[in-house]
Amino acid sequence: MTTAALEVDGLRKAYAGRAVVDGLSLTLRPGTVLALLGPNGAGKTTTVEICEGFRTADAGTVRVLGLPPAESSLRARVGVMPQAGGAYPGLRCAEMLRLVASFSASPLDPDDLLERLGLSEVARTSYRRLSGGQQQRLSLALAVVGRPELVFLDEPTAGLDPAARRATWELVEALRRDGVSVLLTTHLMDEAERLADDVVIVDAGRVVATGTVAELTRTGAVGQLRFRATPGLDLEQLLTALPVGCTAKESPSGDYLVEGVVDPQLLAAVTAWSAGQGALATDLRVETRTLEDVFLDLTGRELRA
Amino acid sequence: MSTWSPGSLAPRPGAAPLRRMLSAQTTAELKLVLRNGEQVLLSLVIPLGLLVLLVLVPFVSVDGAVGRGARADFFVPGVLALAVMSTAFTGQAIAVGFERQYGVLKRLGATPLPRTVLLGAKTLAVLAVELLQVLLICAVGLALGWDPRGSVLQVLVLVVLGTAAFSGLGLLLGGTLRGLTTLAAANLLWFVLLVLGGVLFPLSAFGGAEPLLSLLPTAALSTGLRDVLDAGAGLGAREALALLVWAVISLGAASRLFRWE
């Protein structure tokens, strides 16, 4: 079995007696993208910073590419995008990127990287004069310029406009395709759903759910089937035709809602029943759960408080 | 923006040779110092302006120094000490304080750049700025009638010891306090050490406090330089020892207490 790109087991960290990370475990498979998803204050950044070697754990083990996080040989193999800052305010955008590129043996071409991230026009602008979004993108460029095997991205798209977000997503997808392992933190559901192979949902320093996006949105899920038809159809008859555990109601008049495990059989039962009633079910739609719903179910709270 | 061709991001990890990192980081440090208006003011404009003023305008009387040449003989060594303090201590403390606050040191800590190479680059940049300062101060001094004596080697020993002591103090301050606090503290200490350091007027002006004050790093450096350059008296053991003790204590404390973020 190949070594995990990142293996965290039973990680604990407390500040002033308050547990910020409380027995967190996760595994990042090589060449995949793992999203650490959770609200602000869930312990995502603390977890990532322990993995990056910036903080020490109170308990638990962390192995980065099979090594302890503080191991100095990891610095050349791991790229890091911290949540904020991290550049000389007095250096120009391109100067900062070239400086960090010069620390690596075979870096990416800095000018090409700037161009692809839409930073060519501000290449000669000092870091302090870049907009927040431009600083974010430079920070992303700094994380990948050394051609690392593993990249940590802490809230990579926070505060980015849609175009910049798309450029960031494309870069993450290209990294994955080229075999780079990526751990990213986010509180954006669509980001996790689009980019991640595996999602680890954290809340209050603990893992509340883990799995692929498909697994998480499917397991234990109660699906919803909505449709419109003639008002006042016989729901009792429908319920006898549906699998046990399903519910059906009409509210408001003419709008029907069936809740249960939505599969082809359920759909067939509903359409057969409406045909039997001489009615045509229209506007038929299946609503699947999003990670947002999963998070709400697991924690009882909205992700973006 | 264009799409990434397959393989263009394939991992090829590895650190650059240390020499390349050192030269790149030193160049960046130098650019930052020379681009920073306050740093240039602190390390070049103020020392040179002060030198010209102190020599030309006799508002400070120096025993036995009559005439412009004799005044230059007294003030050039003090201004050299001031220049070393400004660059190695004040400038470095402020830079490091803000680099920590802005997360620059954290960011660099996540790159293949070893900390020793980072500190080496900072030291080389400080020495390069000091070289520039020394050349300009000596040129202005000579133009004002300065008549240096003594051994260049002994001057070098004192400047290196002074740089070590002030760098240690600068890293200690900048490595433990917040950016703005560092800025305030470093400027205040710069001013106090300027006044008490035998730069503006002789330490004898402080009467009985002189023996104690002469152990302050600026005073030890200015007195040591004056003994060599003005009196031609050779390297003072007391001054060299004082600087060495400051260097050992401050560098030791800095290496223990320095926080990278």
(Q) Condition check: open to solvent by 10 Å² or more (accessible area, probe 1.4 Å), over 16 Å from A:Met81 (Cα atoms), polar (S, T, N, Q) and within 8 Å of chain B (Cβ to nearest Cβ). Does A:Ser106 satisfy that? (A) yes
Q) Is there a residue being under 26 Å from A:Leu160 (Cβ atoms) and at pLDDT 95 or above anywhere in the stretch A:59-74? A) no
**Q.** Counted residues, the stretch A:119-134 - those being surrounded by 15 or more Cβ atoms within 10 Å (Cβ to Cβ), within 11 Å of chain B (Cβ to nearest Cβ) and in a helix (DSSP H, G or I)
**A.** 2
Q) Based on what the data block shows, is B:Ser8 within 11 Å of chain A (Cβ to nearest Cβ), among the polar types (S, T, N, Q), open to solvent by 10 Å² or more (accessible area, probe 1.4 Å) and not in a helix (DSSP H, G or I)? A) yes
Q) Taking the condition at pLDDT 85 or above and not in a strand (DSSP E or B), does A:Leu298 pass? A) no
Q: Please tell me if B:Lys122 is within 14 Å of chain A (Cβ to nearest Cβ), of a type in the set (Lys, Arg) and touching a Pro at 6+ places or on another chain (Cβ under 8 Å).
A: no
Q: Please work out which one of (1) farther than 18 Å from A:Val100 by Cβ; (2) among the hydrophobic types (A, V, I, L, M, F, W, C); (3) outside any loop (DSSP other than H, G, I, E, B) is the condition B:Trp146 fails and give its number.
A: (3)
**Q.** First in the stretch B:1-29 and touching a residue at least 12 places away in the same chain (Cβ under 8 Å), second anywhere and open to solvent by 60 Å² or more (accessible area, probe 1.4 Å) and assigned to a helix (DSSP H, G or I), Cβ under 6 Å, 6 or more apart
**A.** B:Thr26/B:Leu124
Q | the stretch A:140-158, residues that are within 11 Å of chain B (Cβ to nearest Cβ), among the aliphatic types (A, V, I, L, M) and under 16 Å from the mean Cα position of the chain (by Cα) | A | A:Val151
Q. Can you name the condition, by its number, that B:Gln25 falls short on among (1) touching a Lys or Arg at 6+ places or on another chain (Cβ under 9 Å); (2) more than 10 Å from chain A (Cβ to nearest Cβ); (3) at pLDDT 95 or above?
A. (2)
**Q.** Meets criteria (open to solvent by 20 Å² or more (accessible area, probe 1.4 Å), of a type in the set (D, E, K, R) and either part of a strand (DSSP E or B) or not assigned by TED's automatic domain parsing to the domain that holds A:Gln136 (or both)) for A:Glu7
**A.** yes
Q: Return yes when A:Phe103 is aromatic (Phe, Trp, Tyr) and touching a Leu at 6+ places or on another chain (Cβ under 7 Å) and no when it is not.
A: yes
Q: Mind telling me which of the residues B:Val55, B:Val60, B:Val76 ends up being of a type outside the set (Gly, Ala, Ser), more than 7 Å from chain A (Cβ to nearest Cβ) and not in a helix (DSSP H, G or I)?
A: B:Val60
Q: Please specify each residue of the stretch B:167-195 satisfying the condition of being open to solvent by 60 Å² or more (accessible area, probe 1.4 Å), more than 17 Å from B:Thr87 (Cβ to Cβ) and polar (S, T, N, Q).
A: B:Thr181
Q: Considering each of A:Ala163, A:Ala158, A:Ala143, A:Ala192 in turn, give the residue that is surrounded by fewer than 19 Cβ atoms within 10 Å (Cβ to Cβ) and part of a helix (DSSP H, G or I).
A: A:Ala163
Q. Residues A:Arg116, A:Arg63, A:Arg98, A:Arg75: which one is more than 9 Å from chain B (Cβ to nearest Cβ) and open to solvent by 30 Å² or more (accessible area, probe 1.4 Å)?
A. A:Arg63
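The values are calculated or read from the model by the stated rules, or taken from the named source; none is laboratory data. This one's a predicted model, so the numbers in the text were calculated from it and none came from an experiment. Glycine also receives a Cβ, built like all others from the backbone with ideal geometry; neighbour counts cover every protein chain displayed. The protein model used for the area step is the full one, side chains on, heavy atoms only, and it has no ligands, DNA or RNA in it. Shrake-Rupley method; radii C 1.70, N 1.55, O 1.52, S 1.80 Å.
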